[in-house]
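Report on the structure given below.
Any read-out appearing in this document is the output of simple, stated calculations on the displayed coordinates, not a laboratory observation. These figures come from a predicted structure and were not determined experimentally. Cβ placement follows ideal geometry from the backbone for every residue including glycine, while neighbour counts extend to all protein chains displayed.
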Amino acid sequence: MQLGTRWTSGEEPPSSVPEALRRGIRAVDETIPADQLGQPRPRWTLTWLEGRPIAELDTGVIVSLNANGEAVARNDPDDGFG
């Protein structure tokens, strides 16, 4: 069993995040504009499902690895925003 972790968007992900997933997370982070009013950035949550890492942003964006080991970003259909 692997435990998950959390970190703030824009910060370096923990070392337990595989490099391919890091690239996907970085790509999503780059699309988040800086908040001029000083609001906190959303946070990522890393979990493991059947041994595969999944990173979910508080906004409902999910980054996971496909069967080829490439990062894929999608929106959570159950987040209430879509």
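Things to note:
- Length gained when the stretch ILE54-ARG26 is fully extended (0.36 nm per residue, less Cα-Cα span): 8.7 nm
- Between the Cα long axis of helix 19-29 and the first principal axis of the chain there is an angle of about 20°, rounded to the nearest 10.
- Annotation for ASP35 and VAL72: the two label points, set 7 Å from Cα along the Cα-Cβ direction, are 3.1 nm apart.
- Charged side chains reduced to their Cβ positions (Lys and Arg at +1, Asp and Glu at -1) give the stretch 8-82 a dipole of some 140 debye around its Cα centre.
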